[in-house]
Amino acid sequence: MLRFVVRRLITSVLILAVVSAVTFFLFFVVPGDPARLSCGKICTNEKLAEIHHNLGIDRPLVVQYGDYMKGIVVGRDIIETGDKVHCDAPCFGYSFVNHQPVWETFLDRFPATLSLALGAALLFLLGGVSLGLVSAIYRGRAFDKVAIGLSLTGASLQIYFIGIVARAFFVDKLQWLPQPGYTPLTEDPGQWFAGLLLPWIILAFVSAALYARLSRASMIEALQEDFVRTGRARGLSARSIYLKHAGRAAISPVVTVFGLDLAGLLGGAIITESVFSIQGVGRLAITSVFASDLPMIMATVLLAAVVIVTANLIVDIAYALIDPRVRIS
Amino acid sequence: MTAPNMPFLDVRDLEVRFPTDDGVVHAVDGLSFTLQRGKTLGIVGESGSGKTVTGLSLLGLHDPRRTQISGQIWLEGTDLLTLGESELNEMRGEKIAMIFQDPLTALSPFYTIGNQIAEGYRRHAGGSKAAARKRAVDLLGRVGIPQPDRRVDNYPHEFSGGMRQRAMIAMALSNNPSLLVADEPTTALDVTVQAQILDLLADLQSEFNSAIILVTHDLGVISQVADDVLVMYAGRCVEKGDVRALLSRPQMPYTWGLLSSIPRLNSDVDVPLVPVRGAPPSLIDLPSGCPFQPRCDHSWRVAADRCRTERPVLRPSGVPGGGLACHLDEETRNRIVDEDLLPLWEGSRS
Ligand SMILES: Nc1ncnc2c1ncn2[C@@H]1O[C@H](COP(=O)(O)OP(=O)(O)O)[C@@H](O)[C@H]1O
Ligand code: SF4
Ligand SMILES: [Mg+2]
């Protein structure tokens with residue numbers, strides 16, 4: 001198991017190195033001069049050249065990449081609005097727009113996105129998977145039929161539609177739920193929970209449907225496994241048959257899909273954050289793109305890659321914990 | 001309590017049907033047999049003849065919402081078909097155990113061999129986890145797994161095919177069942193390992209005095225271990241009897257076909273393998289006559305086209321306990337065996 005984890009860790013680092021290089025070259029090779037963006041309205045050739053020099057983009061691309069990576073790992077000196085400043089590791093540069101360190105802005109926004117995504121993932125995994133498992137056990141009966149109907153409804157809904165409707169109905173009209181929004185957990189846990197409750201439910205409802213159908217299908221398949229029949233032939237209890245034996249087999253495909261689905265979860269966060277006015281990384285990414293704030297965009301892409309690669313690493317380890325055959329090969 | 005001359009297991013007129021979208025599948029169609037403790041009944045027949053379905057019925061493993069079962073299965077004076085699910089579940093693994101055909105899929109890939117043996121053992125015998133683990137090690141040693149105290153912590157995929165089948169047997173034997181259903185326990189194995197497994201079953205049987213139903217499509221296996229044989233065709237018994245009598249003088253065309261299709265390992269003449277020609281009938285609309293008729297080489301010998309119009313019922317054959325379902329009269333059958341078949345088979349035996 002340890003060897004498996006170490007091997008997967010090394011691959012993860014390699015993947016991140018490749019992703020960062022590709023992202024870097026893509027951003028700096030694209031036509032358009034980033035210097036113009038921070039140059040301002042009255043832009044003389046000298047001023048442009050100076051900015052080029054300050055940004056370091058008059059040097060070879062590979063050197064720039066090395067510098068950028070060095071900044072992330074150990075920090076580096078940067079000329080920002082004319083002054084030479086030291087940018088501590090992890091250094092992603094300064095925003096072209098508000099001239100704040102990119103990493104600080106990111107740190108400021110990240111907890112909101114993380115709270116939103118983790119809370120929703122927990123809800124839809126627990127809700128979706130247990131709904132799917134139970135309806136597989138009661139396949140063809142009333143419970144199953146209601147569950148299928150519910151998950152079909154969930155799957156056909158879009159966040160920006162049901163989110164706005166739910167907000168108007170439960171928050172504005174009935175006033176059952178407080179205005180959605182993000183309060184840092186460290187500031188006021190009650191507010192944090194209350195503000196995220198509706199976004200969690202909406203985001204979870206839409207994804208839970210997928211996981212309910214997936215886990216129902218994989219549980220139905222698991223219940224037909226020969227080893228489940230062996231368990232029944234030995235008189236094992238229903239609990240052991242369903243949870244210990246069939247459930248474990250049914251959960252592996254769900255874990256795999258969850259790993260693949262993480263990028264989608266982050267994408268969904270962009271929409272959810274906009275619908276519920278939460279200042280997270282998703283909205284940060286959008287505003288940065290519209291403002292052509294290159295260092296900011298670059299950092300969001302890289303950090304999103306870090307999140308996805310890390311989450312996939314966790315998923316792979318979980319998968320190996322579930323299925324001993326994975327550990328060996 | 002069991003009356004002295006009452007059989008240990010007495011299956012009467014068992015019918016198992018599966019309603020499907022295409023029609024009702026008559027998987028087992030009026031099967032009767034008896035079995036005493038310490039004896040082995042071999043059930044033989046081609047793939048799809050209803051052997052596994054019969055075995056599963058004995059453990060009550062058919063889904064009651066998708067299966068129609070009728071008849072009686074008397075085990076020591078109790079009709080298993082009248083028991084509820086929880087009573088049956090108490091017996092499964094304890095009194096009646098089953099060994100499945102493919103041990104790779106029949107064992108869970110997610111738990112160690114020891115964990116799986118111990119779980120079933122504790123379910124019925126109770127006791128501590130440590131005691132159950134010790135029992136698992138003992139059983140693995142008993143079925144001939146080397147270094148059982150180490151192997152007990154292996155996963156099924158770390159075992160070879162033969163070892164998995166041994167582990168499967170250890171699992172089935174963990175609570176000393178009095179009835180053991182072994183469904184093609186050696187089909188996936190090579191001949192040497194097959195012989196070892198059959199020896200093992202015979203040893204364990206003499207130790208625990210269990211009754212064994214050995215399901216197979218291989219008459220060679222039957223001849224090594226069974227006391228009685230039941231030949232199944234299309235969900236019915238077409239011939240049964242004492243193993244020596246039946247194999248030396250089989251009585252009806254389907255059994256003749258099966259016997260002619262056994263490879264004889266130690267034959268000096270190179271006899272080609274002839275499987276029974278044709279395919280078994282659909283179990284959804286069975287013909288009104290003999291189900292074997294479309295494939296039978298001898299139906300022309302029966303007068304008045306009876307093979308196509310009248311279903312032959314199981315009637316006593318000459319030998320005690322023997323029976324057969326065929327319209328051919330005794331004289332014709334004896335003549336075919338003596339004049340055509342025995343010389344052919346003698347020639348191919350060493
Ligand atoms: N659950 C089921 N539903 C429908 N048909 C079935 C079911 N189980 C078995 N059958 C059919 O019953 C027949 C006998 O099957 P089986 O007992 O597995 O044969 P075998 O003699 O090879 O063990 C086959 O035609 C099979 O397709
Ligand atoms: S009853 Fe007729 S068709 Fe059937 S096995 Fe006997 S001879 Fe052949
Ligand atoms: Mg079978």
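Quick notes on this one:
- Cα long-axis angle, helix B:191-208 against chain B (0 to 90 degrees, to the nearest 10): 70 degrees
- Net charge of neighbours whose Cβ lies under 13 Å from the Cβ of A:I202, counting Lys and Arg as +1 and Asp and Glu as -1: 0
- Average projection area in nm² (convex hull over Cα atoms of the stretch A:2-96, one quarter of hull surface): 7.2 nm²
- Across the options B:N5, B:V319, B:F292, the greatest Cα extent toward the positive end of the charge dipole of the protein assembly as shown (unit charges at beta carbon of Lys, Arg, Asp, Glu) belongs to B:N5.
- Each other residue within a Cβ distance under 12 Å of B:W300 adds +1 if Lys or Arg and -1 if Asp or Glu, for a net charge of +1.
- Whole-angstrom gap from the stretch A:259-318 to the stretch B:56-132, using each part's C-alpha centre: 51 Å
- Placing unit charges on the Cβ atoms only, positive for Lys and Arg and negative for Asp and Glu, gives chain A a dipole magnitude near 1780 debye about its Cα centre.
- Volume of the convex hull of the protein assembly as shown (Cα atoms only), normalised per residue: 240 Å³.
- Rh by Kirkwood over Cα pairs, then Stokes-Einstein D for the stretch B:1-121 at 1.306 mPa s and 10 °C, µm²/s: 99 µm²/s
- The accessible-area loss of the stretch B:33-76 on complex formation, taken against its chain alone with a 1.4 Å probe, reaches 30 Å² or more at B:L61, B:R65.
- Shielding by other protein chains, B:148-155, mean Cβ within 10 Å: 1
- Among B:Q224, B:Q101, B:Q251: highest mean-square fluctuation, GNM of chain B, C-alpha pairs under 10 Å: B:Q224
- The stretch B:9-226 - charge dipole about Cα centre, Lys and Arg +1 at Cβ, Asp and Glu -1, debye rounded to 20: 800 debye
- As a ratio to 2.2 N^0.38 Å, the alpha-carbon radius of gyration computed for the stretch A:179-261 takes the value 1.59.
- The mean count of C-beta atoms from other chains within 10 Å of the C-beta of residues in A:220-226, rounded to a whole number, is 2.
- Listed residues B:V215, B:V313, B:V44, most fluctuating in chain B (Gaussian network, C-alpha, under 10 Å): B:V313
- Here the relative contact order of the stretch A:101-234, from alpha carbon pairs under 8 Å that lie six or more residues apart, stands at 40 percent.
- Farthest towards the positive end of the charge dipole of chain A, among the residues A:I271, A:H245, A:G93, is the Cα of A:H245, using unit charges on the Cβ of Lys, Arg, Asp and Glu.
- Based on the reciprocal of the average 1/r between different C-alpha atoms, the Kirkwood radius for chain B equals 21.5 Å.
- About its Cα centre, the stretch A:2-96 has a charge dipole of approximately 560 debye under the convention of +1 per Lys or Arg Cβ and -1 per Asp or Glu Cβ, with nothing else charged.
- Kirkwood hydrodynamic radius over Cα pairs of the stretch A:103-328, then Stokes diffusion coefficient at 25 °C and 0.890 mPa s, in µm²/s: 128 µm²/s
- Taking each of A:K145/A:K173; A:K41/A:K70; A:K244/B:K134; B:K39/B:K129; A:K145/B:K51 in turn, the alpha-carbon distance tops 30 angstrom for A:K145/A:K173; A:K41/A:K70; B:K39/B:K129; A:K145/B:K51.
- Peptide B:89-101 - average C-beta neighbours from other chains (10 Å radius): 3
- Computed over the stretch A:238-329, the alpha-carbon pair-distance distribution with 10 angstrom bins reads 15, 32, 25, 17, 9, 2, each value a whole percent.
- Most fluctuating residue given options A:G181, A:G66, A:G119, as computed from a GNM of chain A linking Cα atoms under 10 Å: A:G66
- Extending 7 Å from the Cα toward the beta-carbon at both A:L114 and B:R65 defines two label points whose distance is 4.5 nm.
- Relative contact order of the stretch B:3-151, taken over Cα pairs closer than 8 Å and 6 or more residues apart, is 19 percent.
- Our coupling estimate for the stretch B:143-160, obtained by passing each phi through the Karplus curve with A = 6.51, B = -1.76, C = 1.60 and θ = phi - 60°, is 8, x, 7, x, 6, x, 5, 8, 5, 4, 9, 7, 8, x, 6, 8, 9, 7 Hz, Gly and Pro reported as x.
- Measuring nothing but how far apart in sequence close Cα pairs (under 8 Å, 6+ apart) lie, relative to its length, chain B scores a relative contact order of 19 percent.
- Local electrostatic count, A:T81, Cβ distance below 13 Å [Lys/Arg +1, Asp/Glu -1]: -1
- Theoretical ellipticity at 222 nm over the protein assembly as shown - DSSP helices of four or more residues, -39500 (n - 2.57) apiece, nearest 500: -16500 deg cm²/dmol
The values are calculated or read from the model by the stated rules, or taken from the named source; none is laboratory data. Only a predicted model underlies this, so the values are computations on that prediction, with no experimental measurement involved. When we count neighbours, we look across all protein chains shown, and the Cβ atoms used for this are built from the backbone with ideal geometry, even at glycine. Side chains included, ligands, DNA and RNA excluded: accessible areas come from the protein's heavy atoms. Shrake-Rupley method; radii C 1.70, N 1.55, O 1.52, S 1.80 Å.
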